[in-house]
1. For the stretch 189-210, indicate whether the set of residues that are buried (at least 20 other Cβ atoms within 10 Å of the Cβ) and free of Cβ contacts under 8 Å to residues at least 40 places away in the same chain is non-empty.
2. For the subset of the stretch 241-268 comprising residues that are charged (D, E, K, R) and either closer than 19 Å to residue 221 by Cα or touching a Ser or Thr at 6+ places or on another chain (Cβ under 8 Å) (or both), which member is least open to solvent (accessible area, probe 1.4 Å)?
3. Only one of these is of a type in the set (Val, Ile, Thr), out of contact with any Lys or Arg (no Cβ under 7 Å at 6 or more places or on another chain), at pLDDT 95 or above and more than 17 Å from residue 231 (Cα to Cα): 340, 304. Name it.
4. Return yes or no: is residue 84 surrounded by 19 or more Cβ atoms within 10 Å (Cβ to Cβ), more than 17 Å from the chain's Cα centre (by Cα) and in the same structural domain as residue 168 (by the TED database)?
5. Does residue 214 qualify as being open to solvent by less than 60 Å² (accessible area, probe 1.4 Å) and free of Cβ contacts under 8 Å to residues at least 24 places away in the same chain?
6. Looking for whichever is assigned by the TED database to the domain that holds residue 199, in contact (Cβ under 8 Å) with a residue 12 or more places away in the chain and of a type outside the set (Phe, Trp, Tyr) here; the options are 179, 149, 133. Which one fits?
7. If you check residue 58 against the conditions, is it modelled with pLDDT of 95 or more, of a type outside the set (Asp, Glu), within 21 Å of the chain's Cα centre (by Cα) and open to solvent by less than 30 Å² (accessible area, probe 1.4 Å)?
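The values are calculated or read from the model by the stated rules, or taken from the named source; none is laboratory data. Fair warning: this is a prediction, and the values are worked out from it, not measured in the lab. Cβ placement follows ideal geometry from the backbone for every residue including glycine, while neighbour counts extend to all protein chains displayed. Each accessible area value is taken on the protein alone, full model and side chains, heavy atoms only, with ligands, DNA and RNA left out. Shrake-Rupley method; radii C 1.70, N 1.55, O 1.52, S 1.80 Å.
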Amino acid sequence: MSSETSSSSSSSPASPASPASPGYASPLLALPGAVAAEAPDAGVAAHYGDLFREQRALEHGDGFVDLSHREVVTVTGEDRLSWLHLLLTQHVSTLPPGRATEALILSAKGHIEHALYLVDDGSTTWLHTEPGRADALTGYLESMKFFYRVEVAVRTADYAVVFLPAGSIADPGPDAVVRETAHGRDVFLPRERLTDFAAGHGPAAGVLAHEALRVAGHRPRLGRETDHRTIPHELGWIGGAVHLDKGCYRGQETVARVQNLGKPPRRLVFLHLDGSEVKLPEHGDPVRLAADGPEGRALGFVTTAARHHELGPIALALVKRNVPPDAELLAGPTVAAQETVVAP
């Protein structure tokens, strides 16, 4: 399903005290103009009535995005960083307090299973991940504890994630944990403060605005740009989430082999979509060569489509490595010009 279609209302909400449940509804859905998103972002607002205004506000450093449906996990204990270093694709054994990073957990064959967004505060490593992924993630982490002095906990019921854009001067408060990147700040906020935070840090922007800026920035997301066989090189996650000067993690052999051969089977592309189409392509729609027409062989699939306030309709897609970088494509039924994200 495309980001565009996420704007229809969700089903009746369950208690906001159970954010990991399928029926979670953020209390911020009570804000004026809020329209609920659908999966994978069910539980928070798709938008608050004006998608482009919300995007422009974020680009100017104003407002915030409610990401309280995302899962929060913490790791404590004196061995936490050295232990995580053995499991993750990122170099974290000497991660300084306050420095943000991201990391992946791979399968034995090198396929992406989890994407984690981390910061350590000096005593606890905080991370957030996709909705519904905490149980599988913590199950794997618990299975790998052995003799290490670490404790893993799901903190989604206690902490909500809120995004503040780059340039924001908002103060999230002393009881929040902040993960700051070039794109903005992910704030781990005590969940009981979510409503008061929104009242003092508006205007609110929905996840459609957040996703549009993510797509425009060519940033992949687990479950959108990935499928069961995606490897890090295909998405350009090398460097950002995968450190090449470390080993000793599951799937590292695949990373090293592809790095040395330089031939991932697929590659991420950015698409400028034909603006005359009213409907955006949906997640999973086939990508074909435009010259072959709508009955041509599928060479990939649309991962995320969005409407951007300046670029118009845009998308990310995962296509076969040998698709010519200058070829005009069909994203579903929509003509698209491609821009290279991962070079062939």
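1. Looking through the stretch 189-210, at least one residue is buried (at least 20 other Cβ atoms within 10 Å of the Cβ) and free of Cβ contacts under 8 Å to residues at least 40 places away in the same chain.
2. Within the stretch 241-268, the first condition is being charged (D, E, K, R), and the residues that meet it are 245-246, 250, 253, 257, 263, 266-267.
Checking the rest, the ones that are also either closer than 19 Å to residue 221 by Cα or touching a Ser or Thr at 6+ places or on another chain (Cβ under 8 Å) (or both) come to 250, 266-267.
Details: 250: 79, 266: 17, 267: 1 Å².
Out of the qualifying residues, it is 267.
3. Details: 304 fails: out of contact with any Lys or Arg (no Cβ under 7 Å at 6 or more places or on another chain).
After applying the criteria, what remains is 340.
4. Details: surrounded by 19 or more Cβ atoms within 10 Å (Cβ to Cβ): yes; more than 17 Å from the chain's Cα centre (by Cα): yes; in the same structural domain as residue 168 (by the TED database): no.
Criteria not met by residue 84.
5. Values: open to solvent by less than 60 Å² (accessible area, probe 1.4 Å): yes; free of Cβ contacts under 8 Å to residues at least 24 places away in the same chain: no.
In short, no.
6. Working: 149 fails: assigned by the TED database to the domain that holds residue 199; 133 fails: assigned by the TED database to the domain that holds residue 199.
After applying the criteria, what remains is 179.
7. Values: modelled with pLDDT of 95 or more: yes; of a type outside the set (Asp, Glu): yes; within 21 Å of the chain's Cα centre (by Cα): yes; open to solvent by less than 30 Å² (accessible area, probe 1.4 Å): yes.
Criteria met by residue 58.
Condition check ((1) within 17 Å of residue 212 (Cα to Cα); (2) among the aliphatic types (A, V, I, L, M); (3) outside any loop (DSSP other than H, G, I, E, B)) across all residues:
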site: 29; (1), (2), (3): no, yes, yes
site: 46; (1), (2), (3): yes, yes, yes
site: 53; (1), (2), (3): yes, no, yes
site: 65; (1), (2), (3): yes, yes, yes
site: 69; (1), (2), (3): no, no, no
site: 73; (1), (2), (3): no, yes, yes
